[in-house]
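Taken together, the values in this text are just the output of simple stated rules run on the coordinates, not laboratory data. Keep in mind that what you see is a predicted model, and the values were worked out from it rather than measured. Please note: Cβ atoms are built from the backbone with ideal geometry, for glycine as well, and neighbour counts cover all protein chains shown.
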Amino acid sequence: MNGLAPRLLCVKTLVRMEKSGSYGNLVLHAALDASELTPQDKRLCTALFQGTLERLITLDACIAAHVKRKPEQLDAEVRGVLRCGIYELLHLSTPESA
């Protein structure tokens, strides 16, 4: 898999959780079980998902500081991509080029 797959699965899972109102751990486990990600990619997806949820308020404040609209007014997919991207840049040791 390429490096985009775990990030894409994370965003899709965050959006699915938000739209359905389901518990994050249940949605994440179902998504990981249905995926064909490698164990390493599953770990990255899990770290992104859990970290993004843990720092949701801070991430939304970062988005609000740089976007004209409020985070809740953005499309769910756009909001998910921004949240995951900001989380990864600020809290994981991923190079910026990724």
Spin-label pair Thr94/Leu8, simplified geometry with 7 Å Cα→Cβ offset, distance in nm: 1.4 nm
Using Cα atoms only, what is the angle between the long axis of helix 24-34 and the major principal axis of the chain, expressed in degrees (0 to 90) to the nearest 10? 40 degrees
For every other residue with a beta carbon closer than 14 angstrom to the beta carbon of Leu8, add +1 if it is Lys or Arg and -1 if Asp or Glu, then tell me the sum. +1
Please express the Cα-Cα pair-distance distribution P(r) of the chain as a list of whole percents, one per 5 Å bin, running from 0 to the bin with the greatest distance. 2, 14, 26, 26, 19, 10, 4, 1
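Using DSSP to define loop residues, name the trypsin sites (Lys or Arg not before Pro) in the chain whose beta-carbon has at most 15 other beta-carbon atoms within 10 Å. Kindly include the intermediate steps, with their values, before the conclusion.
Details: sites: Arg7, Lys12, Arg16, Lys19, Lys42, Arg43, Arg55, Lys68, Arg69, Arg79, Arg83; in loops: Arg55, Lys68, Arg69.
Of the trypsin sites (Lys or Arg not before Pro), the ones in loops of the chain whose Cβ has at most 15 other Cβ atoms within 10 Å are Lys68, Arg69.
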Longest exposed-site-free window of the chain, the sites being GluC sites (Glu not before Pro) in a DSSP loop that have at most 14 other C-beta atoms within 10 Å: 37-95
Between 0 and 90°, nearest 10: helix 39-54 axis offset from the chain longest Cα axis: 30 degrees
Selected from Pro6, His66, Ser35, residue furthest toward positive end of dipole (the chain; charges at beta carbon): His66
